[in-house]
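Visitor: Take this structure first; my questions come after.
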Amino acid sequence: MKIKPRTFSDYATIGFPAGMLMVFFVIPFGIMIAVSFFQRVQGAFYEPAFVFDNYARFLTSFFGGILGFSIGLAALVAVVSVLLAFPFTYILTRMTRRTQVVWLVFLLSVLSLSEVLIGFGWSTLLSRTAGISNLLVALGVLDKPMSLSPSFGAVMTGMVYQTFPYTVLVLFPALSRLDPSLVEVARTLGSGPVRSFLNVVVPALRNSIVSTLIMVFVFALGCYLLPQLLGKPSHWTLSVLITDQAIYQSNMPFAAAMAVFLVLVSLSLVAISLLYGKKENAA
Amino acid sequence: MSGLVFESIVKKFGEFTAVHETSLTIPQGKFVCLLGPSGCGKTTLLRMIAGLEAATAGRILLDGDDVTRIPTHKRDFGMVFQNLALFPHLTVGENIAYPLRIRGVSKSDCLAAVKRLLDLVQLPDMAGRPVSKLSGGQKQRVAIARALALEPKLFLLDEPLSALDAKLRESMQIELKQLQQKLGITTIVVTHDQREAMTMADLVVVMSQGKVHQVAPPVEIYRKPKDAFVADFIGSTNLISGRISGSGKLAVPGGTLLADDLPATGDVTLSVRPENIRVTAGSGDNTPGCLAGEVSYIRDLGASIEMYLSVAGQQITAITTPSDRPDIAAGDAVSVHFPKDACVVLGDA
Ligand SMILES: Nc1ncnc2c1ncn2[C@@H]1O[C@H](COP(=O)(O)OP(=O)(O)O)[C@@H](O)[C@H]1O
Ligand SMILES: [Mg+2]
């Protein structure tokens, strides 16, 4: 039997988290929405107003192109991350408990690295003087060492490196819950290991894969340091521009408008992923 | 030779031996039940046949060919798992057609095969259903149809009926047996339910703690159990220990019993089924094969009557029918007759 909360004190337990959410999320976000309609004052900061200029500017082809690139990059990062992490996690869940713990601790420690560290780490690794191209020369693959950064590949590498542990940790519970007899029965019915994986494991976890893709996508959309550290200006994303507008151009209202837009895109994708998750639970 | 042969098969998980050295022959076309209490290694044995567990030592031969090293997906044995393991993302028809589809069988041939198999398991017109919408019994049938789709040489089932309620289980037992007879396929079923094994099997393999105790037809398992474990596990029995006191004679507490196949000397244990023991009123003449006892209590179940007797301090149970019921009550002195052919000499477990 469920007891319905009646008195004020019954609600008190959720008071603290609700208060935290208000102070640290709802109020700042409200301020940001308000600022996105404010007017910029050239040479000063901004003044209260209610104009749509900031959103209108956003619809120019320059910012439209960057939005398209940001979404494309985040989507590509999500796909590559899941493509790498899914088989990896599947194999990991079939290992002994000890091996799993060692790997998960390792991945957690990668997760704890800041974007700055990852960015500088990879730019060193991809540089001409100290980078892995020297290794390739030693192995005889390359004639002379070359700089691999900044480039689109470097941005991808850094971002996939950052999202990979996150992806593994999100996929891990679903894959370890997967009934191992499904794969075994596929084997008795005549499919080899690879085919069983593709025919049984992947479709059985279709919904988890979709929601993980969306989560990694949203995560990658928020990346603003790696494109700067590892990419050329043409590889800069909306998040980079938001930082640029807010901090270097002092155009708070425009930065706020872009940020609100990005949050809306992220939120709608999270909503879709939640809907997917619900369907999977219902099945 | 045709059939499935285990040659000195051993299975260890680390230090733990799940299946001790086992040699066993399962003739072609038989319905075999692996019977034993939970944890005795039945599933492990079945999984070794399917290639899902690698044997630590020994060989498995099918029709004379060594299959020990052949990977599961090349063995083409049909297997029904304990949890059925139907593919949740596929319909009934797609589940059944899966082994055919991956072998490149054409769509129309798949459809025809699905229809034939669904008719076989008496689930016509269900091909389009998602498996999540099926009842337990229907899932059971779909899993069986899928395992039979390849017309396998061996049909393996791990406690296939354990999830069903008692009534459905009984009817499925009979149906499964009839299906096997119709197809003539060598079938190996794991079960811990002795009634189920007795109902279905041509041959019962009784196991405990990783060892095979006896391999025989059900009636023989019941009438001539090889050791105390089998005698006690299959039905109920009276175990009576004694010492050989002459040819065919056994000295037991309270007198002498007669039995066939007694060794020349030593201590032996007899198994005597309750329904074979005859009880008469009045303390008897104490001839060999008859012991004096006292009635502890009587349980009248209508169709049968159970008599709990004390014979020289030992508890003995006898069962009789209403028409043969002796005129006795609790506390009465009785003669307890142990017919010679009902006294089965047990070997070491
Ligand atoms: N993969 C495994 N690793 C370790 N021990 C196992 C494994 N599989 C089974 N066992 C052990 O082997 C014994 C026999 O198991 P099993 O064959 O499943 O028994 P049954 O099917 O007769 O109930 C059990 O004690 C079980 O704990
Ligand atoms: Mg089992």
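Every number here is computed from the coordinates shown, using simple stated rules; none is lab data. Fair warning: this is a prediction, and the values are worked out from it, not measured in the lab. Counting neighbours? That spans all protein chains shown, and the Cβs are built from the backbone with ideal geometry, glycine included.
Visitor: Output the antiparallel fraction of DSSP beta bridges having both residues in the protein assembly as shown, as a percent to the nearest 5.
Guide: If we restrict to bridges inside the protein assembly as shown, about 75 percent are antiparallel.
Visitor: Another question, then. Suppose every Lys and Arg Cβ carries +1 and every Asp and Glu Cβ carries -1, with no other charges. What dipole size does the protein assembly as shown come out with about its Cα centre, to the nearest 20 debye?
Guide: The dipole of the protein assembly as shown has a size of about 1900 debye.
Visitor: Can you list the HN-Hα couplings for the stretch A:137-151, worked out from phi with the Karplus curve (6.51, -1.76, 1.60; θ = phi - 60°), rounded to whole Hz and with x for Gly and Pro?
Guide: Whole-Hz 3J(HN,Hα) from phi for the stretch A:137-151: 5, 4, 7, x, 7, 10, 7, 9, x, 9, 8, 9, 9, x, 6.
Visitor: Let me ask you something else. Please list, by residue number, every one of the trypsin sites (Lys or Arg not before Pro) in the stretch B:52-138 that is coil in DSSP and has at most 14 other beta-carbon atoms within 10 Å. List each step's numbers first, then the result.
Guide: On the way: sites: B:59, B:69, B:74, B:75, B:101, B:103, B:107, B:115, B:116, B:133; in loops: B:69, B:75, B:103.
Sparse-neighbourhood loop trypsin sites (Lys or Arg not before Pro): B:69, B:103.
Visitor: Just check chain A against the gyration tensor rule for me: Cα atoms, a ≥ b ≥ c as the square roots of the eigenvalues, rounded for a/c under 1.5, and otherwise prolate or oblate depending on whether a/b exceeds b/c.
Guide: oblate
Visitor: Let me ask something additional. Note down the magnitude of the dipole of the stretch A:61-282 about its Cα centre, charges +1 on Lys and Arg C-beta and -1 on Asp and Glu C-beta and zero elsewhere, to the nearest 20 debye.
Guide: For this selection, approximately 480 debye.
Visitor: Here's another thing I want to ask about it. Got the relative contact order for chain B handy, in percent, Cα pairs under 8 Å and 6 or more residues apart?
Guide: Numbers: 756 pairs, mean separation 53.7, N = 349.
Once divided by the residue count of chain B, the mean separation gives 15 percent.
Visitor: Tell me which of A:75, B:163, A:185 sits at the most positive position along the dipole axis of the protein assembly as shown, charges placed on C-beta atoms (Lys, Arg +1; Asp, Glu -1).
Guide: A:75
Visitor: Which of A:122, A:49, A:60 sits closest to the plus end of the dipole of the stretch A:47-165, meaning its Cα is farthest towards the positive end, when Lys and Arg get +1 and Asp and Glu get -1 on the C-beta?
Guide: Value: A:122.
Visitor: Applying the Karplus parametrisation 6.51 cos²θ - 1.76 cosθ + 1.60 with θ = phi - 60° to the phi angles of the stretch B:162-171, what ³J(HN,Hα) value in whole Hz is obtained for each residue in order, glycine and proline being reported as x?
Guide: After applying 6.51 cos²θ - 1.76 cosθ + 1.60, I find 5, 8, 8, 6, 3, 5, 4, 4, 4, 6 Hz.
Visitor: Right, another one. Search the structure for amide H atoms under 5 Å from the amide H of residue A:236, placed 1.01 Å from N in the peptide plane, and list their residues when 5 or more places away or on another chain.
Guide: Counting only residues 5 or more places away or on other chains, the set is empty.
Visitor: Counting only DSSP beta bridges with both residues in the stretch B:236-346, tell me the antiparallel percent, nearest 5.
Guide: 100
Visitor: Can you list the aspartates and glutamates whose alpha carbon sits under 13 Å from that of residue B:30, skipping same-chain ones fewer than 8 residues off?
Guide: Of all the aspartates and glutamates, those that pass the test against residue B:30 - Cα under 13 Å, at least 8 places apart if same chain - are B:202.
Visitor: At most 10 other Cβ atoms within 10 Å and a DSSP loop assignment: could you name the chymotrypsin sites (Phe, Trp or Tyr not before Pro) in the stretch A:202-260 that fit?
Guide: Answer by residue number: there is no such site.
Visitor: So how strong a dipole does the stretch B:236-346 carry about its Cα centre when Lys and Arg Cβ are +1 and Asp and Glu Cβ are -1, to the nearest 20 debye?
Guide: I would put it at about 180 debye.
Visitor: Say the dipole of the protein assembly as shown comes from +1 at the beta carbon of Lys and Arg and -1 at that of Asp and Glu; which of B:152, A:258, A:11 then lies farthest toward its positive end?
Guide: Towards the positive end, the residue furthest out is A:258.
Visitor: Pull out the extension gain between residue B:232 and residue B:261, defined as 0.36 nm times the separation in residues minus the alpha carbon to alpha carbon distance; nm, one decimal.
Guide: Value of the extension gain: 8.4 nm.
Visitor: Next question, about the same structure. Given H placed 1.01 Å from N in the peptide plane, which residues other than close sequence neighbours of residue B:30 have an amide H under 5 Å from its amide H?
Guide: Long-range HN contacts for residue B:30: B:187.
Visitor: What ranking of A:50, A:37 emerges when the number of other C-beta atoms within 10 Å of each C-beta is taken as an exposure proxy, fewest first?
Guide: Numbers: A:50 8, A:37 18.
So the ranking, lowest neighbour count to highest, is A:50, A:37.
Visitor: Within a 10 angstrom radius of each residue's Cβ in B:73-85, how many Cβ atoms of other chains show up on average? Whole number is fine. Working shown, then result.
Guide: Working: counts 10, 3, 3, 3, 2, 2, 6, 2, 6, 1, 4, 2, 10.
That average works out to 4.
Visitor: Report the gain in length on full extension from residue B:65 to residue B:321: 0.36 nm times residue separation, minus Cα-Cα distance, nm rounded to one decimal.
Guide: 87.0 nm
Visitor: Let me ask something else about it. Hey, which lysines would be in cross-link range of residue B:42, C-alpha to C-alpha under 17 Å, not counting anything within fewer than 8 residues on its own chain?
Guide: Output for residue B:42: B:11, B:12, B:211.
Visitor: Another question, then. Long-range amide H contacts for residue B:68: which residues qualify at under 5 Å (H placed 1.01 Å from N, peptide plane, sequence gap of 5 or more or a different chain)?
Guide: B:60
Visitor: Quickly work out the residue B:25-to-residue A:31 label distance, labels modelled 7 Å from Cα along the C-beta direction, and quote it in nm with one decimal.
Guide: Going by the 7 Å Cα→Cβ label model, 8.8 nm.
Visitor: Please give me, ordered by residue number, the trypsin sites (Lys or Arg not before Pro) of the stretch A:55-106 that lie in loop per DSSP and have at most 11 other Cβ atoms within 10 Å.
Guide: On the way: sites: A:57, A:94, A:97, A:98; in loops: A:94.
When the trypsin sites (Lys or Arg not before Pro) of the stretch A:55-106 are filtered for loop state and at most 11 Cβ neighbours within 10 Å, nothing remains.
Visitor: How much mean residue ellipticity at 222 nm does chain A get from its helices, if each DSSP H run of length 4 or more adds -39500 (n - 2.57) and you divide by all residues, to the nearest 500 deg cm²/dmol?
Guide: -21500 deg cm²/dmol
Visitor: Antiparallel as a % of all DSSP beta bridges within chain B, to the nearest 5?
Guide: So the antiparallel bridges amount to about 75 percent of the total.
Visitor: In deg cm²/dmol and to the nearest 500, what is the mean residue ellipticity at 222 nm of chain B if only DSSP H runs of at least 4 residues count, each as -39500 (n - 2.57), divided by the residue total?
Guide: Only helices count here, giving -7000 deg cm²/dmol.
Visitor: What number comes out for the charge environment of residue A:181, summing +1 per Lys or Arg and -1 per Asp or Glu over other residues with Cβ under 12 Å away?
Guide: Values: positive: A:187, B:47; negative: A:179, A:184, B:158.
Once all neighbours under 12 Å are counted, the net charge is -1.
Visitor: Using Cβ counts within 10 Å as a stand-in for footprinting exposure, how do A:35, A:101 rank, fewest first?
Guide: Working: A:35 19, A:101 11.
Ranking A:35, A:101 by Cβ neighbours within 10 Å, fewest first, gives A:101, A:35.
Visitor: For residue A:232, give me every one of the lysines with a C-alpha distance below 17 angstrom, ignoring sequence neighbours fewer than eight places off in its own chain.
Guide: Counting by Cα, and skipping residues close in sequence, residue A:232 has no lysines nearby.
Visitor: Hey, another quick one. Work out from phi, with θ = phi - 60° and the Karplus expression 6.51 cos²θ - 1.76 cosθ + 1.60, the ³J(HN,Hα) of each residue of the stretch A:54-65, listed in order in whole Hz, and give x for Gly and Pro.
Guide: Working through the residues one at a time gives 4, 6, 5, 4, 4, 7, 5, 5, 4, 6, x, x Hz.
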